[in-house]
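The structure appears right after this line, and notes come after that.
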Amino acid sequence: MDILQILREDYQRFPVDQTYSIYAEDVCFQDPLNRFQGVERYKRMIAFLERWFADLKMDLHDIQQDGNLIRTEWTLRWRSPLPWQPKIAISGWSELQLDSSGLITSHVDYWHCSRWDVVRQHFGEGRRSKDEGKRMKDEKDV
């Protein structure tokens with residue numbers, strides 16, 4: 001199976017049963033929050049996401065390869081482990097660099113939003129509008 005098909009299937013199952021054998025042992029991973037090296041550390045990061053975030057899903061929108069570079073476009077979605085369980089979505093892209101044997105040596109994620117935009121999703125999307133809140137207060141007072 002070629003690496004593009006493996007990645008398509010991994011995105012579809014994310015975060016379960018990922019194909020870590022396509023990564024070099026010393027793969028360098030980077031996203032707007034993390035930077036580290038090693039496939040074992042990458043496995044731990046995926047396990048952390050799976051354990052703490054509900055309804056974790058990765059939608060793959062596009063995948064293309066140009067020589068040793070693979071670029072994917074995606075949206076990552078989850079419910080945060082807060083009492084009101086806000087639904088969060090980050091769209092972005094990944095650039096994966098392959099070595100001469102076809103293993104991924106670099107995996108860099110970029111977001112189409114800022115870190116602050118992600119924080120705001122935790123508090124903005126879950127709040128009621130002023131009108132809805134006033135209506136609920138008025139009904140309670142009756």
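Residues that are of a type in the set (Val, Ile, Thr) and either touching a Leu at 6+ places or on another chain (Cβ under 9 Å) or at pLDDT 95 or above (or both), at least 3 per element: which strands (runs of 3 or more DSSP E) completely within the range 48-142 meet that?
69-79, 104-111
Do you know which residues across the range 60-94 are among the polar types (S, T, N, Q) and closer than 28 Å to GLY124 by Cα?
Across the range 60-94, the qualifying residues are THR75, SER80, GLN85, SER91, SER94.
Which one of ASP62, ASP26 is of a type in the set (D, E, K, R), within 15 Å of SER94 (Cα to Cα) and touching a Ser or Thr at 6+ places or on another chain (Cβ under 9 Å)?
Going through ASP62, ASP26 in turn, just one is of a type in the set (D, E, K, R), within 15 Å of SER94 (Cα to Cα) and touching a Ser or Thr at 6+ places or on another chain (Cβ under 9 Å): ASP62.
If a residue has to be in contact with a Gly (Cβ under 9 Å, 6 or more places away or on another chain), surrounded by 14 or more Cβ atoms within 10 Å (Cβ to Cβ) and either of a type in the set (S, T, N, Q) or closer than 29 Å to LEU82 by Cα (or both) to count, how many in the range 94-125 make the cut?
Summing the residues that are in contact with a Gly (Cβ under 9 Å, 6 or more places away or on another chain), surrounded by 14 or more Cβ atoms within 10 Å (Cβ to Cβ) and either of a type in the set (S, T, N, Q) or closer than 29 Å to LEU82 by Cα (or both) in the range 94-125 gives 3.
Which residues, counting only those in the range 1-57, are touching a residue at least 60 places away in the same chain (Cβ under 8 Å), under 19 Å from THR72 (Cβ atoms) and not aromatic (Phe, Trp, Tyr)?
ILE3, LEU4, LEU7, ILE22, ALA24, VAL27, CYS28, GLN30, ASP31, PRO32, LEU33 - these are the residues of the range 1-57 that are touching a residue at least 60 places away in the same chain (Cβ under 8 Å), under 19 Å from THR72 (Cβ atoms) and not aromatic (Phe, Trp, Tyr).
For the structure I just gave you, tell me whether LYS43 is modelled with pLDDT of 95 or more, in a helix (DSSP H, G or I) and not β-branched (Val, Ile, Thr).
Answer is yes for this residue.
I need a count of the residues in the range 94-120 that are among the basic types (Lys, Arg) and within 16 Å of the chain's Cα centre (by Cα).
The number of residues fulfilling the criteria is 1.
When you scan the range 50-72, do you find a residue that is touching a Pro at 6+ places or on another chain (Cβ under 9 Å) and loosely packed, with under 13 Cβ neighbours inside 10 Å, even just one?
Yes - at least one qualifying residue is present in the range 50-72.
Test each condition in (1) in contact with a strand residue (DSSP E or B) (Cβ under 8 Å, 6 or more places away or on another chain); (2) not in a strand (DSSP E or B) for GLN18 and report the one that comes out false.
GLN18 satisfies all of (1) in contact with a strand residue (DSSP E or B) (Cβ under 8 Å, 6 or more places away or on another chain); (2) not in a strand (DSSP E or B) except (1).
The values are calculated or read from the model by the stated rules, or taken from the named source; none is laboratory data. Model, not experiment: these values are computed from the prediction. All Cβ positions, even for glycine, are placed from backbone atoms using ideal geometry, and neighbour counts span all protein chains on display.
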